[in-house]
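Trainee: Structure incoming, see below.
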Amino acid sequence: MNYTFQSFAKLNLSLYVGPQNTEGLHPLRSLFYAIDLYDEIQIKLSDTSSHHIDFLGMNVDAVNTCTRVFDLMKDHLDRFWSVTVIKHIPIGAGLGGGSSNAGTLIRALNTLESLDLAHDDLLGIAKHIGSDVPFFLTGGACDVSGIGDVVRPLQNQPPFYFVLVFPNQTCHTADIYAHFDSLGDSDDLSTLGEDAIFSYGYNSLAHAVFDRFPDLNDLMQRIESIVSVPVFLSGSGSTLYLMMEDPVVQTTVFDKLNVALDCRVHKCSSVVGTEGRT
């Protein structure tokens, strides 16, 4: 039997980043929103005595977040699985595609193998894969802190409608953080108030991204000259996004940018959670 899970992307609606800790990791504080742009993860029992993963639609390294899930969960699994990931979330775009795939696969295996692992056990696996992965065990709208491992779901958050602009540029997270460190742009997280994450559009990595890739800054300014809606950067880039409370405005903005720009434009909405299986 085939099982299909939806692996949703995320946007950082705000992102504060502190200086490196002694382990070389950056503490953060961020408002994460899951959005209804998603990869499809198809899972079935393997015909061989090994796990097998294929990615369709994009080139993904042989060692990736999903192979790491199997490495970390191998002692829990009684069966071998064949996984096909149909990619729609761009790579190197600040949307957490690889992290989402890992988080979704962790939850899927926990369900399909009837492991009944506690959330803390799943979190322990997720933390060893990447800083965004713990969020994808929860989804929805979350206040994320620590090194991405402290995830606090937020209730009664407003829905938003987004237009995403995917530049013809890939941003590698490690490179952006290295440049961020060289610029000395870190935030003092200890001074942030409870409501700091609701400073929509704040991103302390933006200076590093635009300094490293001036064409992205030029694109942002061009977008702002076409539509009267602020443009923001998600995560470590390269995705630019515009957020609205009205789907009619969203459609108008999308139509204008889709005609004017020579890169991919996509419209999407926030989602309540990242659970999804058909």
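Trainee: Fewest first, what order do Lys127, Lys267 take by the number of other Cβ atoms within 10 Å?
Mentor: Numbers: Lys127 15, Lys267 20.
Sorted ascending by nearby Cβ count, the order is Lys127, Lys267.
Trainee: Would you calculate the separation in nanometres between label points at His52 and Thr22, each defined as 7 Å from the Cα along the Cα-to-beta-carbon direction?
Mentor: With each label placed 7 Å out from Cα toward Cβ, I get 4.7 nm.
Trainee: Once the convex hull of the alpha carbons of the chain is built, what does its volume come to per residue, in cubic angstrom?
Mentor: Hull volume normalised by residue count: 136 Å³.
Trainee: Please list, ordered by chain and number, the residues whose modelled amide H lies under 5 Å from the amide H of Lys267; skip anything fewer than 5 residues away on the same chain.
Mentor: Close amide H contacts, sequence-distant or interchain: Leu164.
Trainee: P(r) of the range 3-153 in 10 Å steps, Cα pairs, percent per bin?
Mentor: Percent of Cα pairs in each bin: 11, 42, 35, 11, 1.
Trainee: With only alpha-carbon pairs counted, each pair once and no self-pairs, how large is the Kirkwood hydrodynamic radius of the range 161-269 in angstroms?
Mentor: One over the average 1/r among Cα pairs gives 14.8 Å for the range 161-269.
Trainee: Follow-up. What are the ³J(HN,Hα) values, in whole Hz, obtained from phi via the Karplus relation 6.51 cos²θ - 1.76 cosθ + 1.60 with θ = phi - 60°, for each residue of the range 67-75 in sequence order, with x given for Gly and Pro?
Mentor: Taking θ as phi minus 60°, the curve returns 5, 5, 4, 5, 4, 7, 9, 4, 6 Hz for the range 67-75.
Trainee: Highest first, please rank the peptides 164-174, 237-247 by the mean number of other Cβ atoms sitting within 10 Å of their residues.
Mentor: 237-247, 164-174
Trainee: Let me ask something additional. With just the Cα atoms defining each centre, how far is the range 16-63 from the range 98-126? Give it in Å.
Mentor: 12
Trainee: If you count, for each residue, the other Cβ atoms within 10 Å and average over each peptide, how do 65-77, 45-57, 7-19 line up from highest to lowest?
Mentor: So the order, starting with the most tightly packed, is 7-19, 65-77, 45-57.
Trainee: Over the range 1-109, what relative contact order in percent results from Cα pairs under 8 Å that are six or more residues apart?
Mentor: 33
Trainee: Now, a different point. List every residue whose amide H lies under 5 Å from the amide H of Trp81, counting only residues 5 or more places away in sequence or on a different chain, with H placed 1.01 Å from N in the peptide plane.
Mentor: Amide H neighbours of Trp81: Ser46, His51, His52.
Trainee: How many nm separate the modelled label positions at Asp36 and Ser269, each set 7 Å beyond the Cα in the direction of the Cβ?
Mentor: Inter-label distance under the simple model: 0.4 nm.
Trainee: Could you derive backbone 3J(HN,Hα) for the range 193-200 from the dihedral phi with the Karplus parameters 6.51, -1.76 and 1.60 (θ = phi - 60°), listing whole Hz in sequence and x where the residue is Gly or Pro?
Mentor: Computed from phi, the couplings for the range 193-200 are x, 4, 9, 4, 5, 8, 7, 4 Hz.
Trainee: Give me Ile91, Ile129 ranked fewest to most by other Cβ atoms within 10 Å of their Cβ, as a rough exposure proxy. Show your work: numbers first, answer last.
Mentor: Details: Ile91 16, Ile129 23.
So the ranking, lowest neighbour count to highest, is Ile91, Ile129.
Trainee: How large is ³J(HN,Hα) for each residue in the range 120-133, as worked out from phi by the Karplus curve 6.51 cos²θ - 1.76 cosθ + 1.60 (θ = phi - 60°), to whole Hz, x for Gly and Pro?
Mentor: 5, 5, 5, 5, x, 5, 4, 4, 7, 9, x, 5, 8, 5
Trainee: Which value in nm describes the separation of the simple spin-label points at Ala174 and Asp149, placed 7 Å from the Cα toward the beta carbon?
Mentor: Going by the 7 Å Cα→Cβ label model, 2.0 nm.
Trainee: Given a Förster distance of 25 angstrom, what is the FRET efficiency for Leu45 paired with His119, based on the Cβ-Cβ distance and rounded to 0.05?
Mentor: E(calc), rounded to 0.05, equals 0.45.
Trainee: Can you give me the P(r) profile for the range 32-77? Cα pairs, bins 5 angstrom wide beginning at 0, each as a whole percent.
Mentor: 4, 14, 23, 25, 19, 10, 4, 1
Trainee: Per 0.36 nm of contour for each residue apart, how much would the distance between Leu72 and Thr111 grow if the chain were fully extended, relative to their Cα-Cα spacing?
Mentor: So the extension gain works out to 12.4 nm.
Read-outs throughout are calculated quantities, based only on the coordinates presented, and are distinct from any laboratory measurement. The model shown is predicted, which means the values in this text are computed figures rather than measured ones. Heads up, the Cβs are rebuilt from the backbone with ideal geometry, glycines too, and the neighbour counts pull from every protein chain shown.
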